[in-house]
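Heads up: the structure comes next, in structure tokens.
Every read-out reported here was derived from the displayed coordinates using simple, explicitly stated rules and does not represent laboratory data. The model shown is predicted, which means the values in this text are computed figures rather than measured ones. Cβ placement follows ideal geometry from the backbone for every residue including glycine, while neighbour counts extend to all protein chains displayed.
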Amino acid sequence: MTFIDFIILGTLYILFTIIIYLIVNTINKHSIKKNNKIIEHIENINKNYKSLFYFLDTNYTFEFECNSLQKYKNNNNDNSIFNYLCNIVNENSNQWQNLITIINQNKNIYQKYMTNISTIQKQYSGLGYQKNKYIFLSKKKYLKIEDSLCQKVILKPPITIKITITIFYISPAGRNRYFTNYICNEKIVIEALKKLEEKKKYEQTKEYQRLILTPKKRYEILKRDNFKCQICGRIQADGVKLEVDHIIPISKGGKTVDENLRTLCHDCNIGKSDKLE
């Protein structure tokens, strides 16, 4: 027998062994699945729970492109990424809040579901090995196959959110590329929603409403009202000081928005004080 013949026979033997192993393994898996009480019970449990879960895609990808290398370096940190995510969440906060609610509901139901699954596994694990005969299969291998088959039928509803944010910069010529991936979960979304809620509450305060009445905003209102008191009609040339008034006073819940602002002279503004008209 030549060396080449030996190699060919060896190769054929290995292939034959692999084929036999695959055939036997397939037969064993089929037999385990067919006669296994755990899988049968899990499938019955699934019928009760499947309609309770929300199955939806919870993987999100966002890209944060920088127009310079310096901007990339300045924003390549957790704080900037969090602020970027806050902007994303702010664009559709209701959608993100609903998603968090769904994830939490899935988590609560999944915990009860897995408690039932665990009880079944403890009760029936390995029992099929004694009741049925298998080809060249140890109990250890049987349990491994059994667990693998069970994992395939166990429901896997989304119980977490995965957000991938890629911050990147590409040089004008395209020769240099810089990028960093940040992986976030629902915890950072909850933090973003909390921050936005705190911001909304602050925007309702008297302090904030007075703060946003900037010199620029005052000028815009004066110009809109033709630099004339909206009560007595006098202008600055008449020797009066013009002021911007909140029609509904801030102390009474009024907001610093155009429709609640008007031009008054100092005398009319003092006379009105914080009364509602």
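I'd like the distance separating the alpha-carbon centroids of segment 173-227 and segment 99-126, in whole Å.
Cα centroid of segment 173-227 versus Cα centroid of segment 99-126: 41 Å apart.
Dipole size in debye (nearest 20) for the chain around its Cα centre, Lys and Arg Cβ +1, Asp and Glu Cβ -1?
Roughly 1000 debye for the chain.
Note the angle between two axes, namely the Cα long axis of helix 215-224 and the longest principal axis of the Cα atoms of the chain, as a number of degrees from 0 to 90, rounded to the nearest 10.
Taking Cα atoms only, the helix is inclined about 60 degrees.
Based on Cα positions only, what radius of gyration and what Dmax would you give for segment 128-197, in angstroms?
24.2, 70
If I fit a long axis through the Cα atoms of helix 3-35 and take the longest principal axis of the Cα atoms of the chain, what angle between them do I get, 0 to 90°, rounded to 10?
70
As I understand it, the value is the acute angle between the Cα axis of helix 37-49 and the longest principal axis of the Cα atoms of the chain; what does it come to in degrees, rounded to 10?
On a 0 to 90 degree scale, this one is about 20.
Rg(Cα) of the chain divided by 2.2 N^0.38 Å?
1.87
Find, among the trypsin sites (Lys or Arg not before Pro) in segment 169-223, those assigned to loop by DSSP (not H, G, I, E, B) with at most 16 other beta-carbon atoms within 10 angstrom.
Those satisfying the criteria are Arg175.
Identify the GluC sites (Glu not before Pro) of segment 171-220 meeting these criteria: DSSP loop state and at most 14 other C-beta atoms within 10 Å of the C-beta.
Here no GluC sites (Glu not before Pro) fit, given the DSSP loop and packing criteria.
Could you work out how much longer the chain between Ser118 and Lys162 gets when fully extended? Use 0.36 nm per residue separation minus the Cα distance between them, nm to one decimal.
Here the answer is 13.2 nm.
At 7 Å along the Cα-to-beta-carbon direction for both Lys201 and Asn46, put a label point, then send me their distance in nm to one decimal.
Taking the two extended label points, one gets 4.5 nm.
Using 0.36 nm per residue of separation minus the Cα-Cα distance, give me the extension gain between Ser68 and Ile170 in nm, one decimal.
35.9 nm
Which three lengths, in whole Å and largest first, does segment 55-149 cover when its Cα atoms are put on their principal axes?
Extents along the principal axes: 68, 32, 19 Å.
What is the ratio of the Cα radius of gyration of segment 209-272 to 2.2 N^0.38 Å, where N is its residue count, to two decimals?
Dividing the Cα radius of gyration by 2.2 N^0.38 Å gives 1.04.
Counting helices only, and only those DSSP H runs with n ≥ 4, report the 222 nm mean residue ellipticity of the chain as the sum of -39,500 (n - 2.57) divided by its residues, in deg cm²/dmol to the nearest 500.
My calculation for the chain gives -19000 deg cm²/dmol from helical runs alone.
For segment 156-277, what does the alpha-carbon gyration tensor say about shape, rounded, prolate or oblate, given a ≥ b ≥ c as the root eigenvalues, a/c under 1.5 as rounded, and a/b over b/c as prolate?
oblate
Rounded to the nearest 0.05, what FRET efficiency is calculated for Lys141 and Ile4 with R0 set to 45 Å and r the Cβ-Cβ distance?
About 0.80, to the nearest 0.05.
Per-residue counts of other Cβ atoms within 10 Å, averaged by peptide: what ranking do you get for 74-80, 106-112, highest first?
So the peptides 74-80, 106-112, ranked by packing, come out 106-112, 74-80.
Under 5 Å between amide hydrogens, which residues at least 5 positions from Phe64 or on another chain qualify, with H placed 1.01 Å from N in the peptide plane?
Thr166, Ile167, Phe168
Do the alpha carbons of any pairs in Lys47/Lys139; Lys206/Lys272; Lys195/Lys255 sit beyond 25 Å of each other, and which pairs?
Long pairs (Cα-Cα over 25 Å): Lys47/Lys139.
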